[in-house]
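This report concerns only the one structure given below.
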Amino acid sequence: MATTEIPIPTRAGGERSIEEERLHRKQRMAATFRLFGKFGFDEGVAGHVTARDPERLDHFWVNPFGKSFKQICVSDLILVNHEGEVVEGDAPVNRAAFAIHSQVHAARPDVVAAAHTHSLHGKAWSALGRLLDPITQDACAFHGDHGLFDDYTGVVLDLEEGKRIGAALGGHKAVILRNHGLLTVGPTVDEAAWWFITMERSCQAQLLAEAAGDPVLIDPDMAAMTARQVGSHTAGEFSFRPLWDVITSEQPDLFD
Ligand SMILES: [Zn+2]
């Protein structure tokens, strides 16, 4: 479908070539892994961030199976085709990453990037089998904009399970996978990363608030208005920028 003639808009209104856009996505992914590592979202070998290739639209870039988020560089990322074969890079792909992310990318052509880890507060919240409530300004980013995959059937290795997760995600920016963890998506890597980071913290906030008492809900009209403010594409991209600045300054080897 895509050719090198298709311009890719940038925030500044300029255009990136296919090669520039591919490198841009991979750099954002490497920075995301370093941030996820810094925030402690890694749990052994679990977790993946994917970005659709800008040219081969049914292929996606993903982290190599078994490498710590804390050490991932641009050159470590591998490209996987629609059949789960590694077509660039010589590391294996996590089968669960392929089963889940291939179906999310297939179900949502608007989605460039998807993030999933077994972060502590996300998986603790997921065990309750509930959507997040609008109890803080930040949590309103997910008000009316996240789904619940209300099932658990073991490690996701089956494409049919990935399809069901894609259906639970629907048109939203995130889905809670019951007894498992969180998954977020975005039209850029920046957004998918930011939504993951802030959703994990919103899970932590609701766990803390409910452990201490009975949180007051923001009323639905106000939550909906706040969602448009803090949950927009612009807000997601903009919120990632300071994190990008910090991690690329602290860990410039991620560009290797
Ligand atoms: Zn998982």
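The values are calculated or read from the model by the stated rules, or taken from the named source; none is laboratory data. Everything numeric here is computed off the predicted structure, so don't read it as measured data. Because the Cβ atoms are built from the backbone with ideal geometry, glycine has one as well, and the counts that use them run over all protein chains shown.
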Query raised in the report: Among the residues of the stretch 197-217 satisfying the criterion of being closer than 28 Å to P242 by Cα and aliphatic (A, V, I, L, M), which is farthest from the ligand (Cβ to nearest atom)?
Result: A209
Query - Any chance V189 is of a type in the set (A, V, I, L, M) and modelled with pLDDT of 95 or more - result: yes
Requested in this report: Might you check whether a residue that is of a type in the set (S, T, Y) and surrounded by fewer than 19 Cβ atoms within 10 Å (Cβ to Cβ) occurs anywhere in the stretch 67-75?
Outcome: yes
Query raised in the report: Would a scan of the stretch 200-207 turn up a residue that is closer than 19 Å to V104 by Cα and among the polar types (S, T, N, Q)?
Result: no
Report summary line: How many residues of the stretch 174-196 are surrounded by fewer than 24 Cβ atoms within 10 Å (Cβ to Cβ) and either away from the ligand (no atom under 16 Å from the Cβ) or of a type in the set (F, W, Y) (or both)? The answer is 2
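Each row is one residue, and each column tells you yes or no for (1) farther than 22 Å from Q103 by Cα; (2) in contact (Cβ under 8 Å) with a residue 24 or more places away in the chain; (3) surrounded by 22 or more Cβ atoms within 10 Å (Cβ to Cβ); (4) under 17 Å from the mean Cα position of the chain (by Cα).
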residue: D133; (1), (2), (3), (4): yes, yes, no, no
residue: T136; (1), (2), (3), (4): yes, yes, no, no
residue: A139; (1), (2), (3), (4): yes, yes, yes, yes
residue: D145; (1), (2), (3), (4): no, yes, no, yes
residue: F149; (1), (2), (3), (4): no, yes, yes, yes
residue: G154; (1), (2), (3), (4): no, no, no, no
residue: D158; (1), (2), (3), (4): no, yes, no, no
residue: G166; (1), (2), (3), (4): no, yes, yes, yes
residue: G170; (1), (2), (3), (4): no, no, no, yes
Requested in this report: Give the stretch 30-53 a look and list any residue that's more than 16 Å from the ligand (Cβ to nearest atom), within 16 Å of H101 (Cα to Cα) and more than 13 Å from the chain's Cα centre (by Cα), or say none.
Outcome: D53
Query raised in the report: Do we have any residue at all in the stretch 12-24 that's modelled with pLDDT of 95 or more and in a loop (DSSP other than H, G, I, E, B)?
Result: yes
**Report entry** Test for R164: is it in contact with a helix residue (DSSP H, G or I) (Cβ under 6 Å, 6 or more places away or on another chain) and within 16 Å of the ligand (Cβ to nearest atom)
**Finding:** no
